[in-house]
Every structure is written in C-alpha cells, then in structure tokens.
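The values are calculated or read from the model by the stated rules, or taken from the named source; none is laboratory data. The shown structure was predicted, so the numbers you read here are calculated from the model rather than taken from an experiment. A quick note on method: Cβ atoms are made from the backbone with ideal geometry, for glycine too, and the neighbour counts reach across all protein chains shown. Each accessible area value is taken on the protein alone, full model and side chains, heavy atoms only, with ligands, DNA and RNA left out. Shrake-Rupley method; radii C 1.70, N 1.55, O 1.52, S 1.80 Å.
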Amino acid sequence: MARKPKDVTVLHGHRVITGPELRATFVPDDEAADPSRKLRRKILHGVVLFMLLGLIVTSVMGAVAIMNGQIKFPGTENTEVQASACPATTFDYTPHAKVTVNVFNATTRAGLAKSAANEFKVRKFAMGKVGNIETGYRGVAAIVSGAAGQAAAFAVQRNLPGSDYFQDARSDASVDVILTGDYRGLAKPELVDQTPGKLECPRESRRIADDGQWPVVPTQGAKG
C-alpha cells in the first residue's frame, strides 16, 4: 500500500507559514494594492538622506571657513569698526604753551615747514622738530599724536581747519603737523574756535597710523 505524501505545510498538527505568505503579511495594504507607492516611498527616503548629507557637508565647510577667518560674524566686524573709530571724547581747548608741535613739510614747496613753525611759535606753541617728510597722505594736513596727546592735537587742529587727525603709538603728548598739497596756511588767530569739541578724522580707514605700514618716513637732517 502506497504511503500518502507528507504535507510540508503541516508540522505536528500546526500549519507552517511560508515565506511569501509572511512577507505578504507585513506589506502595507496600500503598497500591496498600489506598487507605485513603494517606489515613491523609496524615492522620498533617498531625497531625505541626500538632504541630510548636504547639510552635514555644508556645516563642515562653514566651520572650516570660520576657523580660517573667511567668514566673520557681524559682532566681530562691529568690534573692529569701533576700535578704529574717531575718538568720541569732547576736549577742552589746551593752552598753547602746553602743546609741543613738530612741523613737517611733505610738499615740494621749499621752506614751508619753517614758515608754518614760525606761525605756531608766534601763537606761543612749544616748538619741537621742523623738517621734511615723505607721506602717502593727501589733503590739507595730517595731525598725528598718541593717545596722550589727543587734547593737544585738538587745539592744533582748531588752528588748522580741514586737517585730518591720526593716532600712532607714541607715549608722549607731542603732536606732529604734516603739511601736504592743499595746505594754504593757519587760520587767523581771531578766527580760531576755542570752545570744547571733538577731533576731526573723516578718513576712518586710515586713522590709526601703524608704524610698520603707514607711509610716513622722516627725511633725516633736512630742513623744511
């Protein structure tokens, strides 16, 4: 008598679930009914993954740019601008006898520094050096002092309208007057405004006179 073939779908009286049946169980009804939904889901996952990778790459590149100084935040830029701003202090007019002035001629007009120095001397300013100079500055005159000489520079500038104030690293209160192409003389004594005020330094990008970069080189031994 032939034996009945063994039913592989039954084990110990229980029905065995096949692989295709198991996969079909976990496939969402909408995907089973519409296979295109599965494709769209895969595409969506791919797009999300691509965007995440792009965000990570952008973040890394931004961090590198910040470390290299290629990207600056507004707060940093504002700090730099404030550091180079014209002094905001309101100065009283300093008596001439308390101001030491060095006068330099940066033009081709012979004797200009000596002539201007004599005018300062007549006005009772204390005189320092008088000579020629080379400079890249263009204008009426450059008034240069250290932080300690700003009040004195204010008094000098009131006698030389149209001049620009610059600050350098000197520690004393002396003031340099560098006469350039547009200089035509000091203001008349009776027209000098001696009321309190502020220094005038409109050329903000060049106000700080860096000893290693600012184009001012005294000509040794020359008389202006």
(message) I'm trying to understand the selection: among the residues of segment 119-141, which are of a type in the set (Gly, Ala, Ser) and free of Cβ contacts under 8 Å to residues at least 40 places away in the same chain?
(response) Ala126
(message) Kindly evaluate Glu204 against the criterion of being surrounded by fewer than 20 Cβ atoms within 10 Å (Cβ to Cβ) and modelled with pLDDT of 95 or more.
(response) no
(request) For residues that are under 38 Å from the mean Cα position of the chain (by Cα) and open to solvent by 40 Å² or more (accessible area, probe 1.4 Å), scanning just segment 101-115, find the one that is farthest from Leu186 (Cα to Cα). (result) Thr108
(message) Every residue in segment 167-198 that is part of a loop (DSSP other than H, G, I, E, B), of a type in the set (A, V, I, L, M, F, W, C) and more than 29 Å from the chain's Cα centre (by Cα), please.
(response) Leu186, Ala187, Val192
(message) Being β-branched (Val, Ile, Thr) and open to solvent by less than 20 Å² (accessible area, probe 1.4 Å) is the filter here; which residues of segment 132-183 pass it?
(response) Ile133, Ile143, Val144, Val156, Val175, Val177, Ile178, Thr180
(request) Scan segment 116-131 for residues that are open to solvent by 60 Å² or more (accessible area, probe 1.4 Å) and more than 14 Å from His96 (Cα to Cα) and jot them down. (result) Lys129
(message) Against the definition (at pLDDT below 80, over 30 Å from Gly197 (Cβ atoms) and surrounded by 10 or more Cβ atoms within 10 Å (Cβ to Cβ)), how does Gly69 come out, yes or no?
(response) no
